[in-house]
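Have a look at the structure below, then the notes.
No value in this document is a laboratory result; all are computed from the given coordinates. Being a predicted model, the structure only gives us computed values, none of them experimental. Note that we place each Cβ from the backbone using ideal geometry, even for glycine, and neighbour counts take in every protein chain shown.
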Amino acid sequence: MVKSVHDSQQLIDVLYALALPDTLPEDNTVAALCDLTQVQQQQIWQFNALIRLLDQQLLLPLLDLALPLFSDLKRVTQQKVIAQLAKILTPQPFTSFKFCLWVLLKKRVPRLGLNLSITDSTVAISSLIGMLCQQTRLSEAEQANCYLKVLKDLPLKTPPEFSRVAKLNIIQLNLELSKLNKLNAKYKARLLQHATELLRKDMPLAQVQQLLRGIAEALESPVPPLA
């Protein structure tokens, strides 16, 4: 598996395998691979079978090994991979690793940045905080209260309802987060502080690390220490 991330074609297959659901795939996931060759599909399922045997804490290091070669791929190839990953990930429920996978790869495809003020970033910030609250083990009512409490600490416009932002999938969430990389550094730091405080309460360490890595990448900021 480690050797595979150093070969460009096998690397792509490993990335697709990492994006497949954690449980047995549904019909819409299989359909997302139908435009690939039979040989490539077989390779992806073989890699996926191996990935299912790995401890969650090994997934992020495996992805880290793949990132340098992915960054060296031609932009058109990167875009094809991202488009295929979107097909695989869109039907799936949110998971911390799939979120991190999408953000880290998407950030390595050259694009034009956006420049929004803190008030114009209300929807993007609300989407981030809503996702974080939803990942806690609080009841839905407690998650909604937590969402509003955190947002009161930031100079935002009227935020959208919690029920709305909590329904975003990985692709939609990253689209909102991509708008935050031009925020002032002090607001990035505050967002990461809120993220750390929300996640470290009752979440497994591997999941916390995956989410913080994805958020920090989206904000183009250092990963905050957990200690």
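Points worth noting:
- Pair-distance distribution of region 119-219: all C-alpha pairs, bin width 5 Å, starting at 0; shares per bin in whole percent are 2, 13, 27, 28, 22, 7, 1.
- In the chain, the longest principal axis of the Cα atoms and the axis of helix 96-106 are about 80 degrees apart.
- Placing pseudo-labels 7 Å out from each Cα toward the beta carbon at GLN172 and ASP202 gives an inter-label distance of 2.5 nm.
- Shape index of region 47-177: Rg/Rh, with Rg the Cα radius of gyration and Rh the Kirkwood radius from the inverse mean 1/r over Cα pairs, equals 1.01.
- HN-Hα J in Hz across region 6-19 - Karplus 6.51, -1.76, 1.60, θ = phi - 60°, x for Gly and Pro: 9, 10, 4, 6, 5, 4, 4, 5, 5, 5, 5, 5, 5, 7
- Stretch gain in nm, segment GLU161-GLN46, where the contour uses 0.36 nm per residue and the Cα spacing is subtracted: 37.2 nm
- Between the residues LEU212, PRO91, GLN38, the greatest Cα displacement towards the positive end of the dipole of the chain, with unit charges on the Cβ of Lys, Arg, Asp and Glu, is found for LEU212.
- Check: region 119-219 dipole with +1 on Lys, Arg Cβ and -1 on Asp, Glu Cβ, in debye: 240 debye
- Mean residue ellipticity (222 nm) of the chain, computed from DSSP H runs ≥ 4 via -39,500 (n - 2.57), nearest 500: -19000 deg cm²/dmol
- If R0 is taken as 35 Å, the Cβ-Cβ distance between CYS34 and GLU220 corresponds to a FRET efficiency of 0.50.
- Pairs exceeding 25 Å between alpha-carbon atoms, taken from LYS149/LYS201; LYS74/LYS106; LYS87/LYS182; LYS3/LYS98: LYS87/LYS182.
- The relative contact order of the chain, computed from alpha carbon pairs under 8 Å that lie at least 6 residues apart in sequence, is 23 percent.
- Translational diffusion of the chain, µm² s⁻¹ [Kirkwood Rh, Cα pairs; Stokes-Einstein; 10 °C; 1.306 mPa s]: 87 µm²/s
- Listed by chain and number, the aspartates and glutamates whose C-alpha is less than 15 Å from the C-alpha of LYS186, apart from same-chain residues fewer than 8 away, are ASP153, GLU220.
- Summary of packing: across the peptides 164-176, 58-70, the per-residue average of other C-beta atoms within 10 Å ranks them, highest first, as 164-176, 58-70.
- Pairwise Cα separations in region 3-92 fall into 5 Å bins from 0 onward with the following percentages, short to long: 2, 14, 26, 27, 21, 9, 1.
- Signed unit charges on C-beta, dipole axis of the chain, positive-most listed residue CYS100, LEU183, ILE82: LEU183
- Percentage relative contact order, region 3-92, counting C-alpha pairs under 8 Å, at least six apart: 48 percent
- Simple spin-label estimate for ARG75 and ASP153 in nanometres, 7 Å along Cα-Cβ: 3.9 nm
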